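Asks: One structure is given below, represented as structure tokens, and several questions about it will come after.
Read-outs throughout are calculated quantities, based only on the coordinates presented, and are distinct from any laboratory measurement. None of the values given here were measured: they were computed from a predicted structure. Cβ atoms come from the backbone with ideal geometry, glycine included; neighbour counts cover every protein chain shown.
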Amino acid sequence: MSLDSLDFEGWRSKAREYLVQGTLPQDTSWGSELGFVFESAKKTPVTAPKVPKEFLELAQAVSCARDDDRWLLLYRLLYRLNVENPQLLNILVDDDVRKAQLLAKSVRRDIHKMHAFVRFKKTFIDGEEAYVAWHKPEHLIIKMAAPFFARRFGDKPWSIFTPDGSAHWNLEELSFSKGMPQEEFEHEDPFDEVWKTYYKSIFNPARLKIKAMKAEMSPKYWSSLPEAEIIKDLIRDTPKRLQDMAEAPKYLAQVPTSYSWQDLKDAAAKCSACPLASKATQTVFGEGSLEADLMIVGEQPGDEEDLSGKAFVGPAGKVLAEALEKAGIIREKVYVTNAVKHFKWTAGESPEGKARIHKKPGGTEMHACKPWLEAEIALVKPKVIIALGVTAGTALYGRLVQVQSERERINTKSAFAEALTITWHPSAILRAMSEEEKLERMQNLISDLRKAFELATLKKLNL
Amino acid sequence: MSLPDWNSLKNKLSILADAAKYDASCSSSGSQRKRDPKGMGNVEGMGICHSYAPDGRCISLLKILMTNFCIFDCKYCINRVSSDVKRARFSPEEVVTLTLEFYRRNYIEGLFLSSGIMESSDATMEKLIQVAKTLRQVHKFQGYIHLKVVAGSSQELIEEAGLWADRVSANIEMPVQPDLDLLAPAKTIDSATTSMNQIADKVAESKEEQKKTFKAPKFAPAGQTTQMIVGATPSSDALILSSSQSLYKKYGLRRVYYSAYSPIPHADVLLPREQPPLIRENRLYQADWLLRFYKFDASEIVDDSSPNLALDMDPKTAWALRNRAFFPVDVNTASREELLRVPGFGVRNVERILQMRPHRKISLTDLTKLNVSLKRAKYFVVTSDHNPDVLLLDSANLKSSIVPEHTQLSLFDLATTAKTGEL
Ligand code: SF4
């Protein structure tokens, strides 16, 4: 029996004829050679056939199914609805009802998949932009599926070819013509490459689930999906990508859990959690009053600090000392430390090649070293922390901070202290472009330090 | 439109789609838009998944970041300022072009645009809005647009975003503030929920206006959703679900997406190296489904005595085992609410049972034909015929009959229920 021998309208008029004559389902014939009807004895003519709306909807979907028995099944349902039980469609476990529901479901799903998986290729016909696609649905759905594309892409002409029939939109109406085998569809679109790039990048190898993918995007549709070409490669590369990710070096300082300041300092002295330790002379730990209400956090030790093992003793340290003095703060009353505890440098290009040029610590080192800073904060419990410069600020604020615009603001949302604030790093003063700028920043530093100190020594922070 | 340089665009796309893949939200449903006669695109309610990645997740939108530069240092995020990844930035025009070209070829339902934070939250949010506005106004594009609220954006900008987008959403990221303090010190639950509140107010207001006059502009007609990252901190499922429940109640969210923390390249050391079991994410979706469609209260699903969802069975079965006095439920007389509490009965099955009941007594075989999972359901129901298994309801080893100790968890089942959550 040919699948194309009948369409839904053809079936309807034939079914009505049979029904009026009261023909039993087993006596009907739905092939192309229609016409021969048994003269059965048990005929119950249905003079006014009833066709409930739900049945019509169901039947329309079933009529698209690629199933040789669908016309007979539909007639049997219609006959039973009229002769046996008008409520038949509500008996969802009835074999005929169930079969029809399953076919309809499969058809509706196929239509949905067609809406999803048609991939248009841009082309030019007589100089005019147009879109063409080839798609292979499972059922005979082109007529039911095409209007969707006209509603969505109605502003350009397009054609969709399938093996069983083709749909065309000319900006005014939909028309249908015969099908086309895939070999005859020859359009290419370089833009498919951009789509594949997207497909590749949006895939997360940490969650590979091939079966789930295939359940939703059945390989029966793959031949016209550009992205399907790279699925194999993506799957094949997954284990390696995961391994690379797992093996990527991760650094974190191991901080002892019960400690005094001395224990911490001793443990930090032996820290080699990140690569900085191997090039630096020694760990430079923070120091100052363990009762301090104010903690000052710098970036990292420099050349002189690295050699002496003491924080803020180099040129920047001198600037800080001067600022503290002018702010009227006795250094021993506060706690001074750095966000990163080892000196990071590269060899300079001087003839002797001896100069060690300071390099800004990266995010990796900042994170690796942070447990030391956190341990110091937990031990000293300062009320106020002032960060010197962007690196310290980023470590404490959890975001990039702009010293210029944020230095006078007090951040009260921090989990580290009741108040967090930021000011210039002393080396930003040393590097200032002009005398004027230098002076201004120095004054900023002094007043910011003073404010932070006053805030910290207030009996009760009232923010 | 002049043709852009596809190669440079491809490079940026590979960086900025890669960076966007950790956001779990992908749905494009819940909105209606008719095509503008002069433009293209529409939204017909039900979202369409246009492709599936090998991770089984649906691709329905062009999901990208405007840029992966970010001034924030959230540890679970690959784009944090201190990560050493390659950076890129799209211009608004490039995003517009990509969206139109993708859409026109039927690759996508629309755009999901998010961004790292550039100079400031507002400056970044303005760029996102510019993209949506250009698509709508210049190109008469009526496809789906989802804009992510950049953390800390001002109210005016959120309101403007909602005029152009189908959905505007703010990510909560973590269930409680201490989790954020640990991993995203610059973010607060407060600021996320403030954004949600502003969106919710505006959605409600625009619905009222719509009632009065059809011409009133629609504000984010598809409502809002949020995402929570799971497994990056030790927070319990009880904490997560009660937080979701209050988000649903307070801000009328359509959905909370749970994203199992996924190991990222250049991950921060504070994060677990191993992915938390994906099954936990799946159980959360199932539990969330119970909250939204089965009228469960979070405290019925998890509480202080068992703060985490069982991994070896779904939350509804777990609830049934703890509440055997509620059963057996008579399939032929029970209310919809009661039926919904039977393990293995999904929303659709319950509808089918109710549809059949006036016409037929329902038997065990009927349940099989309706595709009910009898393996789970049979101990909890009474049917028109004899059901011997219901006698086991109070037996001590009921649990092991339902969940044999050595059943392999089928990842396939997981993936399908992870999508719907239906049990
Ligand atoms: S920089 Fe910090 S983490 Fe790295 S080795 Fe030194 S003390 Fe340890």
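Asks: Give the percent of DSSP beta bridges with both residues in chain A that are antiparallel, rounded to the nearest 5.
Replies: 55
Asks: Now for a separate question. With the cut-off at 15 Å, report for segment B:178-245 the share of all Cα pairs above it, as a whole percent.
Replies: Details: 1475 of 2278 pairs.
Pairs farther apart than 15 Å: 65 percent.
Asks: Further question on the same structure: Stokes-Einstein D for the protein assembly as shown at 4 °C, 1.567 mPa s, Kirkwood Rh over Cα pairs, in µm²/s?
Replies: The Stokes-Einstein estimate is 41 µm²/s.
Asks: Hey, got the dipole for the protein assembly as shown? About the Cα centre, +1 on K and R Cβ, -1 on D and E Cβ, debye to the nearest 20?
Replies: About 1280 debye.
Asks: Here's another thing I want to ask about it. So, counting K/R as plus one and D/E as minus one, what does the shell of residues with Cβ under 15 Å around A:P181 add up to?
Replies: Details: positive: A:K136, A:K178; negative: A:D164, A:E183, A:E184, A:E186.
Residues near A:P181 contribute -2 overall.
Asks: With r as the distance between the Cβ atoms of B:R336 and B:L392 and R0 = 25 Å, compute the FRET efficiency 1/(1 + (r/R0)^6) and round to 0.05.
Replies: 0.45
Asks: Could you sort out which of A:K220/B:K10; A:K333/A:K451; A:K196/B:K127 sit more than 19 Å apart by Cα distance in this structure?
Replies: A:K220/B:K10; A:K196/B:K127
Asks: Can you report the principal axis dimensions of segment A:192-247 using only the alpha carbons, biggest first, rounded to whole angstrom?
Replies: 38, 25, 15
Asks: Here is a follow-up. Between A:L458 and B:F326, what FRET efficiency follows from the Cβ-Cβ distance if R0 is 56 Å, with the result rounded to 0.05?
Replies: Approximately 0.45, to the nearest 0.05.
Asks: Using unit Cβ charges (K, R positive; D, E negative) and no other charged atoms, how large, in debye to the nearest 20, is the dipole of chain B about its Cα centre?
Replies: For chain B, the charge dipole is close to 1480 debye.
Asks: Report, as a whole number in µm² per second, the diffusion coefficient that Stokes-Einstein gives for segment A:146-302 at 4 °C and 1.567 mPa s using the Kirkwood radius over alpha carbon pairs.
Replies: It diffuses with D of about 57 µm²/s by this estimate.
Asks: Using every alpha carbon pair in segment B:29-99, what percent of pairs falls into each 10 Å bin from 0 up to the bin containing the largest distance?
Replies: In order of increasing distance, the bins hold 15, 28, 36, 17, 3 percent.
Asks: Can you tell me the alpha carbon radius of gyration of chain B divided by the globular rule-of-thumb value 2.2 N^0.38 Å?
Replies: Compared with the compact-globule rule of thumb, chain B sits at 1.07.
Asks: Another question, if that's okay. Between their Cα atoms, which of A:K310/A:K381; A:K113/B:K21; A:K310/A:K354 are more than 28 Å away from each other? Mind dumping the intermediate values first?
Replies: Working: A:K310/A:K381 22 Å; A:K113/B:K21 23 Å; A:K310/A:K354 22 Å.
Long pairs (Cα-Cα over 28 Å): none in the table.
Asks: Another question about this same structure. Taking 0.36 nm per residue of separation and subtracting the Cα-Cα distance, what length does fully extending A:K326 through A:E186 add?
Replies: Details: separation 140, 0.36 × 140 = 50.40 nm, distance 8.08 nm.
Gain on stretching A:K326 to A:E186: 42.3 nm.
Asks: Moving on. Within a Cβ distance under 14 Å of B:V302, other residues only, what is the Lys/Arg minus Asp/Glu net charge?
Replies: Values: positive: B:R280, B:R283, B:K316, B:R322; negative: B:D237, B:D288, B:D297, B:E300, B:D303, B:D304, B:D314.
In short, -3.
Asks: Next question, about the same structure. Classify segment A:261-456 as rounded, prolate or oblate, taking a ≥ b ≥ c as the square roots of the eigenvalues of its Cα gyration tensor: rounded when a/c is under 1.5, otherwise prolate if a/b is larger than b/c and oblate if not.
Replies: oblate
Asks: Determine which residues of segment A:89-108 fall in the zone a paramagnetic label at B:T368 would reach in this model, i.e. backbone nitrogen under 16 Å from the point 7 Å along Cα→Cβ.
Replies: Of the residues in segment A:89-108, A:93-95 have backbone N under 16 Å from the label point off B:T368.
Asks: Mind checking the log10 I(q)/I(0) for segment A:8-112 at q = 0.10, 0.14, 0.16, 0.23 Å⁻¹? Debye, one equal scatterer per Cα, no solvent, two decimals.
Replies: One equal scatterer on each Cα of segment A:8-112 leads to -0.26, -0.52, -0.68, -1.35.
Asks: Chain A: Rg/Rh from Cα coordinates, Kirkwood Rh?
Replies: Working: Rg = 39.3 Å, Rh = 29.9 Å.
We get a ratio of 1.31 for chain A.
Asks: Rounded to the nearest 0.05, what FRET efficiency is calculated for B:Q155 and B:Q210 with R0 set to 22 Å and r the Cβ-Cβ distance?
Replies: Once rounded, the FRET efficiency stands at 0.55.
Asks: Out of all DSSP beta bridges with both ends in the protein assembly as shown, state the antiparallel percent to the nearest 5.
Replies: Numbers: 28 of 66 bridges.
For the protein assembly as shown, the DSSP antiparallel bridge percentage is about 40.
Asks: Which GluC sites (Glu not before Pro) does segment A:99-195 hold that lie in a coil by DSSP with at most 13 other beta carbons within 10 Å?
Replies: Those satisfying the criteria are A:E172, A:E173, A:E186, A:E188.
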